[in-house]
1. Among 344, 304, 235, whose mean-square fluctuation peaks in a Gaussian network model of the chain (Cα, cutoff 10 Å)?
2. Is the stretch 204-278 rounded, prolate or oblate when judged by the Cα gyration tensor, a ≥ b ≥ c being the square roots of its eigenvalues, rounded requiring a/c under 1.5 and prolate requiring a/b larger than b/c?
3. What fraction of the DSSP beta bridges in the stretch 21-157 is antiparallel, stated in percent and rounded to the nearest 5?
4. Quick one: with all protein chains in place, what share of the accessible area of the stretch 53-176 is carbon or sulfur, to the nearest percent (1.4 Å probe)?
5. If each residue of separation counts as 0.36 nm, what is the full-extension length gain between residue 382 and residue 222 once their alpha-carbon separation is subtracted?
6. With every protein chain present, what accessible area does residue 373 have (1.4 Å probe, heavy atoms only), rounded to the nearest 10 Å²?
7. Looking at 162, 113, 175, which one has the Cα that reaches farthest to the positive end of the dipole of the stretch 55-185 (charges on Cβ: Lys, Arg +1; Asp, Glu -1)?
8. I want to verify a result. In a Gaussian network model of the chain, Cα cutoff 10 Å, which of these has the top mean-square fluctuation: 259, 80, 329?
Amino acid sequence: MPIRVILFIDDYLPSCTQIHARMMHDLAVALTKLGAKVVVLTAGGPNLITTLQIDFIDNVEIWRFKSLPTRGQSHFKRLIGETLLSFYAYRALKSSQLDLNFNICINYSPTIFFGPLVKWFKKNGAFVYLILRDFFPKWIIDEGLISNISFAAIYLRFFENINYKASDIIAVQSPKNKSIFKKIAPKEFYKVKVLYNWLAPKKNRPNDVFGKKFIKNCKLNNKFIFFYGGNIGISQDIDNLVRLSKKFLQEPKVRFLFIGQGDLYSNLEKKIKNGKLTNVVLMPSVDQEEYRSILKEIDVGIFSLSANHKSHNFPGKILGYLEAQIPIIGSVNKGNDLIHVINSSGTGKVMINGNDNEFYSEAYKIFKSESLRNKMSNNSKHLLENMFSVDAAVNAILVDSGF
């Protein structure tokens, strides 16, 4: 009998364009190739005809349950929608005739609201492996969005703790995050592991036609493009990238291309217009294959994390940059493990957020030196294969789960 594995994620392919959806799909595909019976459980939104819909992508079985919308909603509506995720999933599953017995339950967080459902699967015998990518609500408290003693913080911590207590193993994304987690739960004895983000590089080349057409439509032909792709929200500190783009206004060949979605998308749109940033192009999200095609046309991948972060995030977009073998430049919170990872690997340059002059100086060096860009590009494949491989992630999960 093959082992049965169920993956929980709040948003999934093909509608979700963020890298975490592709990460979980790559994980599901890799487990399937090893002979496991894999199911992905995900929110399907309010437009499903039935409470549960089943479809397949790359031989991976996907169970989509009818739910309230969460993306693109106000904070309050999103909170309600996510709070009810476990309820809607449980309702859909209990009314189905599906086999709900699984050996391993892999829970991707964020969201923190699958905890009650995970607890139910654990009671039925599943080993629960929590892939913890964000410390939530810690980061919104660190950003000053809510008070540490507010009702919102108490409410969110309640569900956060359910998530942790339902887990047999909690996997954080970098070594320094282990000590941060211990401060969050100092009295609890959780098994905490390090599991780096992962990606399975696709063997097929992306369709060049879309990327070339996209660049042409954006009037970016023959321009040097700094590219940001992904979530546009508070934790990314997009103002950091706006300041960088302003410093490049005197360079007629340089353009900044931002593609994504998030709470601050319209805010960024206004900043570009009001700041007369003629060197910045902002576009909404595209699907995964279109995204890969665009990456073939750009020169440097950029990213940013808020200086107020206390944890050490590895933004998923970096994996896409590494796969496309393009140089990386980023600005992150002090002490982030990513500074050493990128700088020591020679795949790019990462510095502490707030050092605007250094950020510009290093970006300018990359812009001016083709040989430096080539060197960084050549190192990308090695770092992706040796540190961020899906095979390493699968092996760690199965070993830690006792399979």
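The values are calculated or read from the model by the stated rules, or taken from the named source; none is laboratory data. Please read these numbers as outputs of a predicted model, since none were measured by experiment. No Cβ is skipped: glycine too gets one built from the backbone with ideal geometry, and neighbour counts run over all protein chains shown. Accessible surface is based on the protein model in full, side chains and every heavy atom, while ligands, DNA and RNA are left aside. Shrake-Rupley method; radii C 1.70, N 1.55, O 1.52, S 1.80 Å.
1. Taking springs between Cα atoms under 10 Å, the residue moving most is 344.
2. Working: a/c = 2.10, a/b = 1.28, b/c = 1.64.
Taking the square roots of the gyration eigenvalues as a ≥ b ≥ c, the stretch 204-278 is oblate.
3. Percentage antiparallel, nearest 5: 35.
4. C and S atoms contribute 58 percent here.
5. Extra length available between residue 382 and residue 222 comes to 54.7 nm.
6. The value for residue 373 is about 40 Å².
7. The Cα lying farthest towards the positive end belongs to 162.
8. Comparing 259, 80, 329 in a Gaussian network model of the chain, the most mobile one is 80.
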